[in-house]
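Encoded as structure tokens, the structure appears first; notes follow it.
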Amino acid sequence: MKITELLKDNKPCISCELFPPKAGSELQNALKIVDKIAEIKPHFMSVTYGAGGTSAGQTVAIAKAVEEHNIPALAHLTCIDATGDGIESMLGKFRDNGIQNVLALRGDAVTDKPREFMHASDLMRKISASGDFCIGGACYPEGHPEAGSLDKDIENTKKKIDAGCEFLVAQMCFDNNIMYNYMYRLLRNGIDVPVVAGIMPVTNAKQINRICELSGTKLPPHYRAIVERFADDPQALMQAGIAYALGQIIDLIANGFKNIHVYTMNKPEVIGGIMKNLSEIIK
């Protein structure tokens, strides 16, 4: 199933993200996580792609396993260090394994070799010309750190739509007002494809501080106080993080924003806690 079919439905769509194990780690452990999350029945699962394609084979294997549970997989694909032939090869593997949905990303460079693809929009054009894939892209409610301004970042997002992007998955955001303002800006600029809000339940204080530092995402003062209060108690922080995320999700749905992507950091208990507490809301 193409993910756009889910996103354009009137019912809420709750998805989550998986990441493959690091090189040398057991793929089998990641596949067990897929099995556990599949029992919870998210509407789709995205599968990340290591820097420079270092986990490409595992991305395909995990996405295939997701599809075998009759859940659509959204396979990430990065391009900054890729060649045209390498992209064609990956798209062929996706096609051969029944993967129809691709999240096209620039990614982070790991080499300084000459580039065939400079931007995610370049990759999107390549995918559009290579087959019948459903193409998603990333968007940044607080602006991409390298864009210079939110207006410039939205200009770049428009280039993605023009290159064939059919839906957008937002970077995590901890303040729904920022998301609502961002949606207004997108629509004002003629961007009306489905947008999936990004929600991350904070379960590790050091980790979220690092993520915010790298991404430019702001942690609101009242949420930072919660994180600091429970930083040394992992179970309490997980409960608090899930509760805060649920509040965001319910507020989004109540205001007509029905597509939600949960960054679970490969923790089935996180998406499980969220889906359990939304059971009547999303039925």
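Considering only region 123-143, state which residues are touching a residue at least 40 places away in the same chain (Cβ under 8 Å) and hydrophobic (A, V, I, L, M, F, W, C).
Residues satisfying the conditions are Leu123, Met124, Ile127, Phe133, Cys134, Cys139.
Give the residue that is farthest from Val169 (Cα to Cα), with candidates limited to residues of region 75-99 that are touching a residue at least 24 places away in the same chain (Cβ under 8 Å) and polar (S, T, N, Q).
Across region 75-99, the extreme among qualifying residues is Thr83.
Would you be able to tell me the number of residues in region 144-175 that are crowded, with 19+ Cβ neighbours inside 10 Å, more than 22 Å from Leu74 (Cα to Cα) and touching a residue at least 40 places away in the same chain (Cβ under 8 Å)?
Of the residues in region 144-175, 1 are crowded, with 19+ Cβ neighbours inside 10 Å, more than 22 Å from Leu74 (Cα to Cα) and touching a residue at least 40 places away in the same chain (Cβ under 8 Å).
Name the single residue, out of those in region 65-75 being of a type outside the set (A, V, I, L, M, F, W, C) and within 21 Å of Thr4 (Cβ to Cβ), that is surrounded by the fewest Cβ atoms within 10 Å (Cβ to Cβ).
Within region 65-75, the match that is surrounded by the fewest Cβ atoms within 10 Å (Cβ to Cβ) is Asn70.
Every residue in region 85-107 that is out of contact with any strand residue (DSSP E or B) (no Cβ under 8 Å at 6 or more places or on another chain) and either among the charged types (D, E, K, R) or over 17 Å from Ile62 (Cβ atoms) (or both), please.
The answer is Asp85, Gly86, Glu88, Ser89, Gly92, Lys93, Arg95, Asp96.
Could you tell me how many of the residues in region 254-270 are within 16 Å of Val196 (Cα to Cα) and either touching a residue at least 12 places away in the same chain (Cβ under 8 Å) or touching a Leu at 6+ places or on another chain (Cβ under 8 Å) (or both)?
Of the residues in that region, 9 qualify.
For residues in region 111-120 being surrounded by fewer than 22 Cβ atoms within 10 Å (Cβ to Cβ) and touching a residue at least 40 places away in the same chain (Cβ under 8 Å), which is farthest from Met179 (Cα to Cα)?
My answer is Thr111.
So Gln100 clears everything in (1) touching a Pro at 6+ places or on another chain (Cβ under 8 Å); (2) surrounded by 20 or more Cβ atoms within 10 Å (Cβ to Cβ) except one condition, right? Which one?
All conditions pass for Gln100, except number (2).
Kindly indicate which of Met179, Met124 is within 16 Å of the chain's Cα centre (by Cα), in a helix (DSSP H, G or I) and not basic (Lys, Arg).
Being within 16 Å of the chain's Cα centre (by Cα), in a helix (DSSP H, G or I) and not basic (Lys, Arg) holds for just one of Met179, Met124, which is Met179.
Could you tell me which numbered condition Asp35 fails, if it satisfies all but one of (1) surrounded by 23 or more Cβ atoms within 10 Å (Cβ to Cβ); (2) in a helix (DSSP H, G or I)?
For Asp35, the failing item is (1).
When you look at Ser15, is it in a strand (DSSP E or B) and in contact with an Asp or Glu (Cβ under 9 Å, 6 or more places away or on another chain), yes or no?
So Ser15 does not fit the description; no.
Tell me which residues, restricted to region 129-176, are among the charged types (D, E, K, R), touching a strand residue (DSSP E or B) at 6+ places or on another chain (Cβ under 7 Å) and either more than 20 Å from Glu17 (Cα to Cα) or assigned to a strand (DSSP E or B) (or both).
Lys160, the sole residue that qualifies.
Out of the residues in region 220-253 meeting the condition of being touching a residue at least 40 places away in the same chain (Cβ under 8 Å) and not hydrophobic (A, V, I, L, M, F, W, C), tell me which one is farthest from Pro42 (Cα to Cα).
Only one residue tops the list, namely Pro220.
Out of all the residues in region 76-87, is one or more within 22 Å of Ser215 (Cα to Cα) and at pLDDT below 90?
yes
The values are calculated or read from the model by the stated rules, or taken from the named source; none is laboratory data. All values derive from a computational prediction rather than experimental measurement. Here Cβ is always computed from backbone atoms with ideal geometry, including for glycine, and neighbour counts include all displayed protein chains.
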